[in-house]
Amino acid sequence: LLDEGTAVAGVFTRNRFCAAPVQVCREHLASAASVKGVRAIVINTGNANAGTGEDGLARARSTCLALAGLLGL
């Protein structure tokens, strides 16, 4: 959980095929300025399967929504 106004940034792979969590993180950082900023971070470690398609994107997004719900964000 991050305090309101916390500055965040990301460094991402340059691979053409990146995993769903990377894609979702890029989306969230790009839209953070137009919303209320970033208030929490999910850390996804280990080997990511980059070939999960729409199902992987849906699961990554649902993970973020679940964390937001648990934190009351």
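If the elastic network links every pair of Cα atoms under 10 Å, which of 20, 60, 32 fluctuates the most in the Gaussian network model of the chain? For the chain, modelled as a Gaussian network with Cα springs under 10 Å, the answer is 32. Using a cutoff of 8 angstrom between alpha carbon atoms and counting only pairs six or more residues apart, the relative contact order for the chain works out to 43 percent. For the chain, the longest principal axis of the C-alpha atoms and the axis of helix 53-71 are separated by about 20°. Rounded to the nearest 20 debye, the dipole magnitude of the chain is 160 debye, with +1 charges on Lys and Arg beta carbons, -1 on Asp and Glu beta carbons, and the Cα centre as origin. Restricting the chain to trypsin sites (Lys or Arg not before Pro) that sit in a DSSP loop and have at most 10 other Cβ atoms within 10 Å of their own Cβ leaves 14, 16, 36. Measure nothing fancy, just the Cα-based angle from helix 20-32's long axis to the longest principal axis of the chain, in degrees from 0 to 90, nearest 10. Approximately 30 degrees, to the nearest 10.
Work out the FRET efficiency for residue 8 and residue 47 from their Cβ-Cβ distance, taking R0 = 30 Å, and round it to the nearest 0.05. Could you put the intermediate results ahead of the total?
Values: r = 24 Å, r/R0 = 0.80.
That gives a FRET efficiency of 0.80.
When only alpha carbons of the chain are considered, Rg and Dmax amount to 12.6, 35 Å. Of the peptides 64-73, 1-10, the ranking by mean beta-carbon count within 10 Å, highest at the top, reads 64-73, 1-10. In a fully extended conformation the segment linking residue 65 and residue 23 would gain 13.6 nm over its present Cα-Cα distance, using 0.36 nm per residue.
Bear in mind these aren't lab numbers, they're just calculated from the coordinates by the rules spelled out. Just so you know, these numbers come straight off a predicted model, no measurement behind them. Ideal geometry is used to build each Cβ from the backbone, glycine not excepted, and the neighbour counts take in all protein chains shown.
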